[in-house]
Amino acid sequence: MKRLSMNTDFQSQLEAAGATFTDEGNSLVVKSFGNDAEAIAAASSGAALYDRTHWDRIDVSDSDRIRFLHNQSTNDFERLSPGQGCETVFVTSTARTIDLVSAYVLDESVLLLTSPGLGDRLMKWMDRFIFFADKVKPTLITDQTATLSLIGPKSTEILATLVNDADHLSDLSQQPWGTHQEFTTQDISVRVAVGSGLATEGYTLIVGSDHRGKLWEAITSAEAVPMGETAWEYLRIAQGRPMPERELTDDYNPLEAGLWRTVSFEKGCYIGQETIARLDTYNGVKQQLWGIQLNATADPGTVIMDGDTKIGRLTSVISTEDGYLGLAYIRTKAGGEGMTVTVGEATGRVVDIPFVRRSRGSKSP
């Protein structure tokens, strides 16, 4: 059954702002506000507001929650305290990627923000590893909550005009990725977390679903530019954020996807740990995620050639004012930034992407 990502009143509110809609999996989302170029520009020089409510949310509670998540994904949960967060990857036993998840540690639970449509799959995945004596309770709370991303260098300035405690917001803005705190705005309780979901500064805002429209109105009235899915997808590809069914599949592991910062190499065993440790120890990353600028379109899955040699595969592509932009996995030994390659009938140039990292010790975006 289709689970709409917005109620009728909120949909009418967005339509009045020029929104057009598209189906994304089980959700109805804004395709565009007819302002894609403006929204993309705002993300780099002002602030843009993107509704991520169709990204699923899971609340993991009970006394074994930290130990359980520590053992089931790539990052180190045992170093985190309430008010902190991390990005982590759920992987298979052979370290193939399932999803890149944002995790926020609360006083009594851990809130997981998954990719769109991945909530049910991760709920089932976690249930496989919860045994009789484990005190762990995952609950899908997508319908009860909403998520917005405020993206861009003026994000703090805009939020400061709205929240009850601008001084604490200023302090929060200087903290590491995933640090979060509750604020009040328009008589609404909002959890504000450092990090926009991209390699651009900003915040992730989590609020009760009934208050989404009021929060959206307050932030856009404070001059944040509304952003739809088309503009978000452009930024995602331009920055190299990998997504399930495209860059995160059974064909790739987190190190190939450039998600080094989500992997703890110091903690003990977890699902997929042995494979990731061998890749790190023996320099076994055989392919890496890169951006690619194209002079013509090509379908995802198209083979990338260097002369007569197959060196990779295109995973995502989008049309831009300057041609086409894509993401691709390219063999490590073949080279990287600056290469000229052939992608179907198109010619492409390989470019670096800021969301990914290519070694240990790199900082989060």
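The values are calculated or read from the model by the stated rules, or taken from the named source; none is laboratory data. Keep in mind it's a predicted model, so treat the numbers as computed, not measured. Heads up, the Cβs are rebuilt from the backbone with ideal geometry, glycines too, and the neighbour counts pull from every protein chain shown. Ligands, DNA and RNA are excluded from the accessible area calculation, which covers all protein heavy atoms including side chains. Shrake-Rupley method; radii C 1.70, N 1.55, O 1.52, S 1.80 Å.
Scaled to the compact-protein estimate 2.2 N^0.38 Å, what is the alpha-carbon radius of gyration of segment 65-136, rounded to two decimal places?
Expressed relative to 2.2 N^0.38 Å, the Cα Rg reads 1.05.
For the chain, what does the accessible surface come to per residue with a 1.4 Å probe? Please give it in Å².
Counting only protein heavy atoms, the per-residue value for the chain is 44 Å².
Spelling out what I want: for every residue of segment 32-46, take phi, set θ = phi - 60°, compute 6.51 cos²θ - 1.76 cosθ + 1.60 (Karplus), and round to whole Hz; glycine and proline get x.
Running phi through 6.51 cos²θ - 1.76 cosθ + 1.60 with θ = phi - 60° gives 6, 9, x, 9, 4, 5, 5, 5, 5, 5, 5, 5, 9, 10, x Hz.
Considering the Cα positions of segment 1-50, please state its Rg to one decimal place and its Dmax as a whole number of Å.
For segment 1-50, the Cα radius of gyration and maximum Cα-Cα distance read 12.2, 40 Å.
For q values of 0.19, 0.29, 0.31, 0.32 Å⁻¹, compute log₁₀ I(q)/I(0) with the Debye formula on a Cα-only model of segment 235-281, without solvent.
Scattering profile of segment 235-281, log10 relative to I(0): -0.66, -1.17, -1.25, -1.29.
Past the 19 angstrom mark, what percentage of all C-alpha to C-alpha distances in segment 1-160 do you count?
More than 19 Å apart: 61 percent of the Cα pairs in segment 1-160.
Kindly state, to the nearest 0.05, the FRET efficiency for Ser63 paired with Thr161, given R0 = 35 Å and r defined as their beta-carbon distance.
Calculated value: 0.30.
With contacts defined as alpha carbon pairs under 8 Å and 6 or more residues apart, what's the relative contact order of segment 167-301 in percent?
Answer for segment 167-301 is 14 percent.
Where the only charges are on Cβ atoms (+1 Lys, Arg; -1 Asp, Glu), what is the dipole of the chain about its Cα centre, to the nearest 20 debye?
Rounded to the nearest 20 debye, it is 1160 debye.
Using DSSP, restrict attention to beta bridges with both residues in the chain and report what percent are antiparallel, rounded to the nearest 5.
Looking only at bridges with both residues in the chain, the antiparallel portion is about 95 percent.
Around Phe132, what is the net charge, scoring Lys/Arg as +1 and Asp/Glu as -1 over all other residues with Cβ under 15 Å from its Cβ?
Neighbourhood net charge equals -1.
Which of Lys137/Lys267; Lys124/Lys267; Lys154/Lys286; Lys31/Lys137 have a Cα-Cα distance over 30 Å?
Over 30 Å Cα-Cα: Lys154/Lys286; Lys31/Lys137.
Measure off, as a whole percent, the carbon and sulfur share of the 1.4 Å-probe accessible area of segment 293-337, all protein chains present.
Carbon with sulfur: 42 percent of the solvent-accessible area.
Computed on alpha carbon atoms, what radius of gyration and Dmax characterise segment 197-282, expressed in Å?
Cα-based Rg and Dmax for segment 197-282 come out at 18.0, 53 Å.
With all protein chains present, how much of the accessible area of segment 109-164 (probe radius 1.4 Å) comes from carbon and sulfur, to the nearest whole percent?
Using a 1.4 Å probe with all protein chains present, segment 109-164 comes out at 54 percent carbon and sulfur.
For every other residue with a beta carbon closer than 10 angstrom to the beta carbon of Asp64, add +1 if it is Lys or Arg and -1 if Asp or Glu, then tell me the sum.
+2
Return the inverse of the average 1/r over all pairs of distinct C-alpha atoms in segment 272-365, which is the Kirkwood hydrodynamic radius, in Å to one decimal.
Averaging 1/r across every pair of different Cα atoms and inverting gives 14.1 Å.
So, with a 1.4 angstrom probe, what is the percent of accessible area on segment 171-255 that is carbon and sulfur?
Percent of accessible area from carbon and sulfur atoms in segment 171-255: 38.
Expressed in nm², what is the orientationally averaged projection area of the convex hull enclosing the Cα positions of segment 134-212?
With the hull built on Cα positions only, its mean projection is 6.3 nm².
When only C-alpha pairs under 8 Å and at least 6 residues apart count, what is the relative contact order of the chain, in percent?
18
In debye, nearest 20: dipole of segment 34-94 around its Cα centre with unit charges on the Cβ of K, R (+) and D, E (-)?
Rounded to the nearest 20 debye, it is 160 debye.
Which of Phe90, Ser102, Pro138 sits closest to the plus end of the dipole of the chain, meaning its Cα is farthest towards the positive end, when Lys and Arg get +1 and Asp and Glu get -1 on the C-beta?
Among Phe90, Ser102, Pro138, the one farthest towards the positive end of the dipole of the chain is Phe90.
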